[in-house]
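Everything below concerns the one structure shown next.
The values are calculated or read from the model by the stated rules, or taken from the named source; none is laboratory data. Please read these numbers as outputs of a predicted model, since none were measured by experiment. Neighbour counts run over all protein chains shown; Cβ positions are idealised from the backbone, glycine included.
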Amino acid sequence: MLEQEQALLSQVTSAFPVKGKVMRNRRVEVWAESTTVSSILMYVKNQMGYQHLNHITCIDRIEDTKFQLVYTVFSHQTKMTLFVKTFIDRNAPVMDNIDHIWDQANTYERELREMYGIQFPGLVGAQEFILEDWDEMPPMRRDFKTEEYSEKTFSSLPGRENTQDVRETISTRSGEEIPDFAKKYSRD
Amino acid sequence: METKKDSQTIAEYIKNWSRKHSLFVMAYGTGCGAIEIPATMTSRYDAERLGIRGAATPRQADVLLITGYLATKTLKRVIRVYEQMQDPKYVIAFGSCTINGGMYYDSYNTINVLEKYIPVDVYINGCMPRPEAVIAGFKQLQDKIARGDADNGTRYKENLDWYRANQQQVIKNWRMPDYNW
């Protein structure tokens, strides 16, 4: 039962000072220090056949003032997915650039730089990735107030603040009763 | 709707009658609503029987369809397309997002009210409007043209300062060409 996964986990944990666990069938995660992530990725790519970088994800842990980064790599031989997870400081978010390991990491990193403000030293590419003329806080951070910003910049028409059930509005306007079968969907 | 034949000269009447039967739609889809356009144009609903057909470039087009949500980045392109179109030009706003934000009302990157940036002739509500609704909207536009009310191109030029101020509020780094029309 899950021998392959245990073997992968023990191979990574014996080579690096990391903790980890088998999540389920063909899913293994390891928790690493942010400075060792690039060497883990280099090792699993070159020595263990994890050739494919699926994704780099960022999660905003605003309560702990940390960003969690998740590197997802996949092996075409064993069909297993390895998640390398790490925390970086939210107030000074700097992470190792890994686009010398995978070229396509450049795209993800540029997106993370724009959407979360994480800096990757040595990252090549224009500062502007998807957004144009953006001079506010990076918009995917959780303390960015998107509704406030939208109201300030785009100012919608009146009418949205009324969250009353639209059927009640129609029934009072037209003088018709809401039928019984529809009442169970009403907001109370 | 009633066409006001009496208040128009015969030349205007004929001009408007022929304009309403050849609406060339700019082939430019902005949001998710563009997916309803193939359904409207192809054999089941066949919009071409009403004289509605696609046009490849802004200078050949009469109608600009804003199909759904409009990102600020797309708004820049839409303004350029609209300003390149020749008079008479009409705008149909398509879906809830163009009216008051729709489901993207709190998005940091989509505008809420389209009418602040370019003048709109006809609104089609719905999320998404089905091809019947799209054709009903085009019918409304045709009636408006036949009445001689569809002069939003002129209105845009007359109120250009107001529109520019609204546009520049959203597009912060304004690097757009000026047209002398």
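Below are the figures for this structure:
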quantity: Yes/no for B:I111 being within 14 Å of chain A (Cβ to nearest Cβ) and at pLDDT 90 or above; calculated: yes
quantity: Failed criterion for A:R141 (all others in (1) surrounded by 13 or more Cβ atoms within 10 Å (Cβ to Cβ); (2) more than 18 Å from the chain's Cα centre (by Cα); (3) more than 9 Å from every other protein chain (Cβ to nearest Cβ) hold); calculated: (2)
quantity: Of all residues in region B:92-106 being under 21 Å from A:E136 (Cα atoms) and touching a helix residue (DSSP H, G or I) at 6+ places or on another chain (Cβ under 6 Å), the one that is farthest from the other protein chains (Cβ to nearest Cβ); calculated: B:Y104
quantity: Residues that are of a type in the set (S, T, Y) and modelled with pLDDT under 90, drawn from region B:155-181; calculated: B:Y179
quantity: Entirely in region A:36-93, the strands (runs of 3 or more DSSP E) that have 3 or more residues that are under 13 Å from A:A105 (Cβ atoms) and either hydroxyl-bearing (S, T, Y) or more than 13 Å from the chain's Cα centre (by Cα) (or both); calculated: A:52-61, A:66-74
quantity: Filter result for A:R110 (of a type outside the set (S, T, N, Q) and within 30 Å of B:Q168 (Cα to Cα)); calculated: yes
quantity: Per-region count, region B:4-33, residues in contact with a Phe, Trp or Tyr (Cβ under 8 Å, 6 or more places away or on another chain) and modelled with pLDDT under 90; calculated: 5
quantity: Residue list for region A:1-23, restricted to those being in contact (Cβ under 8 Å) with a residue 12 or more places away in the chain, outside any helix (DSSP H, G or I) and out of contact with any strand residue (DSSP E or B) (no Cβ under 7 Å at 6 or more places or on another chain); calculated: A:F16, A:P17
quantity: From A:L123, A:L112, residue being more than 14 Å from every other protein chain (Cβ to nearest Cβ) and within 18 Å of the chain's Cα centre (by Cα); calculated: A:L112
quantity: Odd one out for B:A150, checked against (1) at pLDDT below 90; (2) of a type in the set (G, A, S); (3) surrounded by fewer than 16 Cβ atoms within 10 Å (Cβ to Cβ); calculated: (3)
quantity: In region B:27-50, the residues that are small (G, A, S), buried (at least 20 other Cβ atoms within 10 Å of the Cβ) and not in a helix (DSSP H, G or I); calculated: B:G31
quantity: Members of region A:158-181 found to be outside any loop (DSSP other than H, G, I, E, B) and at pLDDT 75 or above, listed by number; calculated: A:R167, A:E168, A:T169, A:I170, A:S171, A:T172, A:R173, A:S174, A:D180, A:F181
quantity: Residue in region B:89-98 that is at pLDDT 90 or above, under 30 Å from A:E151 (Cα atoms), surrounded by 22 or more Cβ atoms within 10 Å (Cβ to Cβ) and in contact with a Lys or Arg (Cβ under 9 Å, 6 or more places away or on another chain) present; calculated: yes
quantity: Residue satisfying condition, being at the interface with another protein chain (Cβ under 10 Å from one of its Cβ atoms), under 18 Å from B:L160 (Cβ atoms) and not hydroxyl-bearing (S, T, Y), within set B:K76, B:K89; calculated: B:K76
quantity: Qualifying position, being modelled with pLDDT of 90 or more, buried (at least 16 other Cβ atoms within 10 Å of the Cβ) and of a type in the set (G, A, S), among A:A92, A:A105; calculated: A:A105
quantity: Qualifying residue in region B:125-146 (condition: touching a helix residue (DSSP H, G or I) at 6+ places or on another chain (Cβ under 6 Å), under 19 Å from B:V78 (Cβ atoms), within 11 Å of chain A (Cβ to nearest Cβ) and buried (at least 19 other Cβ atoms within 10 Å of the Cβ)); calculated: no
